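The structure follows.
The values are calculated or read from the model by the stated rules, or taken from the named source; none is laboratory data. Predicted, not measured: the structure shown is a model, and the values here were computed from it. Glycine also receives a Cβ, built like all others from the backbone with ideal geometry; neighbour counts cover every protein chain displayed. For the accessible areas, the whole protein counts, side chains as well, though only heavy atoms, and no ligand, DNA or RNA atoms are used. Shrake-Rupley method; radii C 1.70, N 1.55, O 1.52, S 1.80 Å.
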Amino acid sequence: MGLIHIYCGNGKGKTTSAIGLALRAAGADMKVHIIQLLKGSETSELKSLKNISNISVDRLTKDFGFTFEMSKITKNEVSDHHNALLRKAYEKMKAHTFDMLIIDEFFGAYNHGLLDRSLAEKIVFEKEKSCELVLTGREPEEKFLAAADYISEINALKHPYTKGISARKGIEF
């Protein structure tokens with residue numbers, strides 16, 4: 001039986017936690033599919049994930065920047081890409097192609113209107129019973145929290161960014 005996990009909060013580590021769970025699942029011979037929304041730049045974990053045969057990753061093909069920097073045209077383009085990723089994941093889930101689906105930055109894309117909300121909700125609320133579903137991001141709506149079986153809130157009590165230390169390769173990306 002697949003359950004729903006949420007990694008949320010304003011702290012560093014939501015994606016890292018989800019990828020850690022993917023590694024655990026892969027080690028148990030589960031097939032894992034990861035979708036990264038809002039992310040198109042190269043990150044260090046992608047290099048490692050490419051070496052694990054039962055983990056697949058779909059994401060944006062280019063970096064569109066932060067949501068607050070996007071024009072309306074860019075937001076429409078990002079939404080189109082996100083919807084294609086979600087449709088593909090939905091079809092794969094229905095075909096039982098994987099055991100675990102991770103949708104990274106789900107709540108950011110959902111909250112900023114950068115995806116088809118009805119499709120996103122369909123994936124969550126009509127998920128296959130055998131599929132383990134992991135959602136990450138800030139500020140999940142109550143309906144998602146109510147549907148979840150696991151909720152881990154990761155909060156930033158201290159972060160080097162406040163001291164002017166930029167993101168570091170291998171740590172933040």
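What are the residue pairs meeting all of these: first residue in region 6-23, first residue part of a helix (DSSP H, G or I), second residue open to solvent by less than 30 Å² (accessible area, probe 1.4 Å) and of a type in the set (Gly, Ala, Ser), Cβ atoms under 7 Å, and 6 or more apart or on different chains?
LYS14/GLY137
Determine whether SER41 is more than 16 Å from LEU114 (Cβ to Cβ), modelled with pLDDT under 95, outside any helix (DSSP H, G or I) and open to solvent by 40 Å² or more (accessible area, probe 1.4 Å). Break it down into steps so the answer makes sense when it comes.
Values: more than 16 Å from LEU114 (Cβ to Cβ): yes; modelled with pLDDT under 95: yes; outside any helix (DSSP H, G or I): yes; open to solvent by 40 Å² or more (accessible area, probe 1.4 Å): yes.
Judged against the criteria, SER41 is a match.
OK, next. SER130 - would you say it is of a type outside the set (A, V, I, L, M, F, W, C), open to solvent by 70 Å² or more (accessible area, probe 1.4 Å) and outside any helix (DSSP H, G or I)?
no
Exactly one condition in (1) surrounded by fewer than 18 Cβ atoms within 10 Å (Cβ to Cβ); (2) part of a loop (DSSP other than H, G, I, E, B) is false for LEU119; which is it?
Exception for LEU119: condition (2).
Applying the selection to region 89-121, what residues are in contact (Cβ under 8 Å) with a residue 40 or more places away in the chain and of a type in the set (D, E, K, R)?
LYS92, ASP99, ASP104, GLU105
Taking region 144-172, which residues are open to solvent by 80 Å² or more (accessible area, probe 1.4 Å) and either in contact with a helix residue (DSSP H, G or I) (Cβ under 8 Å, 6 or more places away or on another chain) or of a type in the set (D, E, K, R) (or both)?
Passing the criteria: ASP149, ILE151, GLU153, LYS158, LYS163, ARG168, LYS169.
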